[in-house]
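Notes follow the structure.
Please treat every number below as a calculation from the coordinates, not as lab data. The structure displayed is predicted, hence computed values, not measured ones. Backbone-built Cβ (ideal geometry, glycine too); neighbour counts: all protein chains shown.
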Amino acid sequence: GQAEQIGTEIARLIATGGDPDGIAVVLRQPDRHGPVYEEVLERFGIPVAVEARLPLHRTAVGRGLLALLRAEFGSRSADDLLAFLRTPGRAWPDQGDWLERAIRRRRLRTAADAVEAWRGRSLFELDELRGAEGTSELLRTIARLARNVAEYPYDRQAPQPERERLLELRAAAGAATALEELAEIPGIEDGPGEAMACLEALEVDLWRGPSDGRVRVTSPYRIRARRVRHLFVASLQEGEFPRHDPEEPLVSEDARAELG
């Protein structure tokens, strides 16, 4: 609701000749609330640059890769395989619906059972993982699959990716680069475990590029050195903004005095 109120006011300012460059929205936690403001402001037709970072697992590429690795090396559950096939570009929605219906009706539990029920077709992603020899090759294979998941819709054509797909392409590039760098480290034994830990720790920029001509959604620290004509400060409630300072992690001076 607050994002919509701010969006309405920004849209009015721009409609009356306001420059988006001179407008900024400050959030205490852009990483947490930034995606909501991006969605709402774009619905108003407002060009926006949200300076925030998202965990990789909140993108389709991240969710899909982690589900694939769990299905093959972790839980080995049918639900994880289904989650991978629900990743955009992996299977048609009606095919995913068919497999989910089969899993529920037949009470399939393992990924192997789900693959067998997958109308007799093999999954090249699983074949590539199983065919990798050694940890380094496995990590490079996962990196290649990360790029394939994001780039597949653009293999045979050259459309201009929309905002959501740009985010997925950045997520895939970041994941692939991290996995390829991990593959260069000697002595890694648990390839699947290292790959999953790496993907779970990665973050991706929600916006990348120049912010000229766009309303910035940013943190109070990044806005300090910039002048704007219109500044919106959101989440002005107790405990959020200003935020209560966390307790000192070490023993405070008063506590040390009490302890002598």
Nearest 20 debye, what's the magnitude of the dipole of the chain about its Cα centre given +1 on Lys and Arg Cβ and -1 on Asp and Glu Cβ? 1020 debye
Whole-angstrom Cα spans of the chain along principal axes, big to small: 65, 61, 40
Give, in nm to one decimal, the length gained when the segment between Trp92 and Leu259 is fully stretched (0.36 nm per residue of separation minus the Cα-Cα distance). 53.5 nm
Sorting check: for 15-23, 108-116, 62-70, which peptide has the highest mean count of neighbouring beta carbons within 10 Å, and how do the rest follow? 62-70, 108-116, 15-23
Rank Gly1, Ile46, Gly22 by how far each Cα sits towards the positive end of the charge dipole of the stretch 1-55 (+1 on Lys, Arg Cβ; -1 on Asp, Glu Cβ) and give me just the farthest. Gly1
Using a simple spin-label model with points 7 Å from Cα along the Cα→Cβ vector, what separation in nm is obtained for Arg58 and Arg101? 3.5 nm
Where does the charge balance sit around Val36 when Lys and Arg score +1, Asp and Glu -1, over other residues with C-beta under 14 Å from its C-beta? -1
Label-to-label distance, nm, for residues given as Leu166 and Glu238 (7 Å Cα→Cβ offset): 4.1 nm
Order 91-100, 180-189 from most to least packed using the mean count of other Cβ atoms within 10 Å. 91-100, 180-189
